[in-house]
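Single-structure report; data block below.
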Amino acid sequence: MTIERYKADFRRLTEGELAAWQKVPTAIVGDVLNRAQCMAGVIKPLRSDMRVVGQARTAQAPAADNAAIHAILALARPGEVLVIDCQGHPDTGVWGGILTHAAVRARVAGVVLDGATRDSVEIIERGFPVFCRAIVPRGGQKGSYGMLDGPISVGGVPVRSGDLVIGDGDGVAIVPLQRVEQTLAEVKKVEERETEILAKIDAGKSTAELLGIKIPDVNQ
């Protein structure tokens, strides 16, 4: 078997477009996208203050095999985020210290993988954003098969190369590339509404009152 490779001809977002997302929480992205674009709760950063924003470069790797991961890293451009379907396998670390060193040299923005990482302390000390399912010492094999830049699913969310990846302490959200502008406009509206809600709470309103939740009478 060989590594399949698809054409990565997506539109590259400008620095200005990416900058507009730098402080947007994944929680608000999830709200705007009907809660459908948030990865499963098991996909978490190695450290809670890690954050990543960038366009995805996708790969699919068989469980316990990281040949495709080495290959997509060799193709990745500065600022991109590697998003890797590792079949959800939690017991073999397919990302580690050497790959992190290479990713930092390549100026890759971060990594999201539905699989396991090792060398976690080293990665945390470098401050390189890694979001994964598990941490384990066992290393992976290199069977030289998998898929690059094809459609994948990570943490229950479909991802294509070029989609916008946002990761923070809560986890990871994906904005489909064709919905980036529309979603950002909706994000700004939600942020404005939340600011108004906080002001009303400070003025003495309860969250139940603001949300129209009726406080029931005491049963007699």
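When segment 86-107 is filtered for residues that are under 19 Å from G155 (Cβ atoms) and either in contact with a His (Cβ under 7 Å, 6 or more places away or on another chain) or not polar (S, T, N, Q) (or both), the ones remaining, listed by number, are C86, G88, H89, P90, D91, G93, V94, W95. Kindly check whether there is at least one residue in segment 163-176 that is surrounded by fewer than 14 Cβ atoms within 10 Å (Cβ to Cβ) and among the acidic types (D, E). No; the residues of segment 163-176 include none that is surrounded by fewer than 14 Cβ atoms within 10 Å (Cβ to Cβ) and among the acidic types (D, E). Criterion applied to V187, V180, V172 was being at pLDDT 95 or above, among the β-branched types (V, I, T), touching a strand residue (DSSP E or B) at 6+ places or on another chain (Cβ under 8 Å) and in a helix (DSSP H, G or I), and the one residue passing it is V180. Scanning segment 102-120 for residues that are at negative phi and in a loop (DSSP other than H, G, I, E, B) turns up A106, V108, A109, R118. Residue count for segment 31-60, restricted to those that are over 17 Å from L184 (Cα atoms), hydrophobic (A, V, I, L, M, F, W, C) and not in a strand (DSSP E or B): 6.
Residues of segment 54-72 being of a type in the set (A, V, I, L, M, F, W, C) and out of contact with any helix residue (DSSP H, G or I) (no Cβ under 6 Å at 6 or more places or on another chain), which ones?
Within segment 54-72, A56, A63, A64, A67, A68, I69, A71, I72 meet the criteria.
Results for (1) touching a strand residue (DSSP E or B) at 6+ places or on another chain (Cβ under 8 Å); (2) small (G, A, S); (3) at pLDDT below 95; (4) under 25 Å from D9 (Cα atoms), shown as yes or no for each residue.
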site: P90; (1), (2), (3), (4): yes, no, no, no
site: A109; (1), (2), (3), (4): yes, yes, no, yes
site: G115; (1), (2), (3), (4): yes, yes, no, no
site: S120; (1), (2), (3), (4): yes, yes, no, no
site: M147; (1), (2), (3), (4): yes, no, no, yes
site: V165; (1), (2), (3), (4): yes, no, no, yes
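Is it fair to say A63 is assigned to a loop (DSSP other than H, G, I, E, B), aliphatic (A, V, I, L, M), more than 16 Å from D163 (Cβ to Cβ) and at pLDDT 95 or above? Judged against the criteria, A63 is not a match. Scanning segment 118-162 for residues that are surrounded by 17 or more Cβ atoms within 10 Å (Cβ to Cβ) and among the aromatic types (F, W, Y) yields F128, F131.
Tally the residues that are surrounded by fewer than 19 Cβ atoms within 10 Å (Cβ to Cβ), at pLDDT 95 or above and not hydrophobic (A, V, I, L, M, F, W, C), restricting the search to segment 32-47. The number of residues fulfilling the criteria is 2.
Please work out if R77 is closer than 15 Å to S161 by Cβ, part of a loop (DSSP other than H, G, I, E, B) and over 16 Å from the mean Cα position of the chain (by Cα). Answer is yes for this residue. If I ask for residues that are of a type in the set (G, A, S), assigned to a loop (DSSP other than H, G, I, E, B) and farther than 23 Å from D65 by Cβ, which ones from segment 137-169 would you list? Result: G162, G169.
The values are calculated or read from the model by the stated rules, or taken from the named source; none is laboratory data. Worth saying up front: this structure is predicted, and the values here are computed from it rather than measured. Virtual Cβ from ideal backbone geometry, glycine too; neighbours counted across all protein chains shown.
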